[in-house]
Structures are given as C-alpha cells and as structure tokens.
Amino acid sequence: MPRSAYSDDHPTHHAWASLVNDYAAEKAVFKVSSNKTMMWIFLLSDIFVFGCFLVGYMAVRMTTTEPWPSPSEVFALTIAGHSIPLVLIAIMTFILITSSGTMAMAVNCGYQNKRGATALLMLITALLGLSFVGMQAFEWSKLIEDGFRPWGNEDGAAQFGACFFMITGFHGLHVTVGVIYLLIVAWKVWRGDYERRGNTSQGNYEIVEIAGLYWHFVDLVWVFIFAFFYLW
C-alpha cells in the first residue's frame, strides 16, 4: 500500500520538518519573531510597489515631449503678498521626520516598560501624521483649484497630474493607515494589554517596535518622493 503523506517516514514530512527546523534555528540565532518577519516581508513588497511608481515617474518625466511644470511654481504658496516656493512641502517633510523621532522614542520607552510615556509618544506621532495628511489634503485642493487633474492640467505635460495624484495619494493612504494603526496600538498600550501578555514582568512591547518599522518606512518613502518629485 502507498505510504500516507502524513506518515513520519514520508519524504514530504521530512521536507516540511527540515523547513520548520531551519526557520526555528534562524529565529533562535537572529531573535526575530514571526510577527516582525511578516512586517519585513510586507515592507519589502511595498518597496517594490513604490519603486515601480518612482521608476515609472522618472521614465515619464524624461521621455515626455511637453514641458514639465516647474515644482517651485506649482507648489508655491502666497504669504503676505509674496510667492514662497515649496514652503508647505518643507513643513510637511519636517513634520514627518519629527514623527519618526517621536516613534523611535516610543519604541525605546516601550522596552523600558514606561507604559504612559510609550502611549503618549505614539499619540504624538499619530497627531503629527494626521497633520501631514491634512496638509496634503490642502495641497490637493489647491492644485485642483488651479486646474490640475489626474487626466491632465493646463500647465505643461498632462502626465504631471497623473503622477502626482497617484504617487502622493498612495503614500497618503499609507500614512492614514499608519495613523489608525498607531492610535489602536497606543490605546492598547495605555490599557496595559501588552503587559498582561508579556512572559516577564517587563511586558511584551514588540508590537510597538513593529508599528515603528512601518512608520519609519513611510517616512523613508516620503524622502524619496520629496527628492524626486518636488526637487527635480
């Protein structure tokens, strides 16, 4: 009779057992949990998506035959009668970089078992992210008022609107999801859920570090968007 696929001496069983043992050994060496590993895999997939968007943007930018709108003019704000280029974008970038710092402090406080400080710093990070999304919404409304659309615009290459709304919109969606994620984790930290789940008296705040990985990734992507889209 043929051997069952679930018998101990079946080749498939040995293959799966070997795979499990290899993963367990690497987990023991590198001390990386399953949750953190899955976050890294998700971020890796997102790197490919954003990379394709930015490479596509560069290809369109370099091959279009129509003049490309000047970022210093398109993204300028009029303050006290003076047109200041990229002032809103500079403020948005400063806010997002600052939020990365507060997130790093939250992770550090989490591993020091400072529950209140961890929750507060995560809340501050989420509020900074919310401010960024609000400024981005203002930026979108201003461009739409000036005649820019995803399918075209009145100033230069029609591809400008498609690239801008697609890339910044996709990043803004990530920031919005991150804000919701941070608020949920901060609330659970404040309630002490992760202290009760911890195997030691220090609690288990790895979820804060995982949320930090996502937030730092969102900030890093914005640096590339800022460099390629607003400064080029």
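The values are calculated or read from the model by the stated rules, or taken from the named source; none is laboratory data. Just so it is clear, the model here is predicted, and its values are computed rather than measured. Don't worry about glycine lacking a Cβ; one is built from the backbone with ideal geometry, like all the others, and counts go over all protein chains shown. For the accessible areas, the whole protein counts, side chains as well, though only heavy atoms, and no ligand, DNA or RNA atoms are used. Shrake-Rupley method; radii C 1.70, N 1.55, O 1.52, S 1.80 Å.
Okay, here's what the table says:
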read-out	value
Segments 44-51, 171-178, 71-78 sorted - mean Cβ within 10 Å per residue, highest first	171-178, 71-78, 44-51
For Gly156, net neighbour charge (Lys/Arg +1, Asp/Glu -1) across residues whose Cβ lies under 15 Å away	-3
Filtered trypsin sites (Lys or Arg not before Pro), the range 111-169: DSSP coil and at most 13 other beta carbons within 10 Å	none
Largest-first principal axis extents of the Cα set of the range 136-232 (Å)	62, 23, 16
From phi via Karplus (6.51, -1.76, 1.60), per-residue ³J(HN,Hα) for the range 136-143 in Hz, x at Gly/Pro	5, 5, 4, 4, 4, 4, 5, 5
Cα-Cα separations in the range 24-119 greater than 18 Å, expressed as whole percent	75 percent
Rg(Cα)/(2.2 N^0.38 Å) for the range 96-163, N = residue count	1.69
Share of carbon and sulfur in the accessible heavy-atom surface of the range 76-232 [1.4 Å probe, %]	69 percent
Full-stretch length increase - Thr78, Ala137 - with 0.36 nm per residue and alpha-carbon distance subtracted	19.5 nm
Separation of the Ile144 and Ala90 label points, Cα + 7 Å toward Cβ, nm	2.8 nm
Other-chain or far-sequence residues with amide H under 5 Å of Ala76's (modelled H)	Leu86
Where only C-alpha atoms are counted, convex hull volume of the range 75-120 per residue in Å³	64 Å³
Global geometry of the range 135-177, whether rounded, prolate or oblate, following the gyration tensor of its Cα atoms and the 1.5 cut on a/c	oblate
Estimated inter-spin distance, Leu213 and Met62, nm [label 7 Å along Cα→Cβ]	3.3 nm
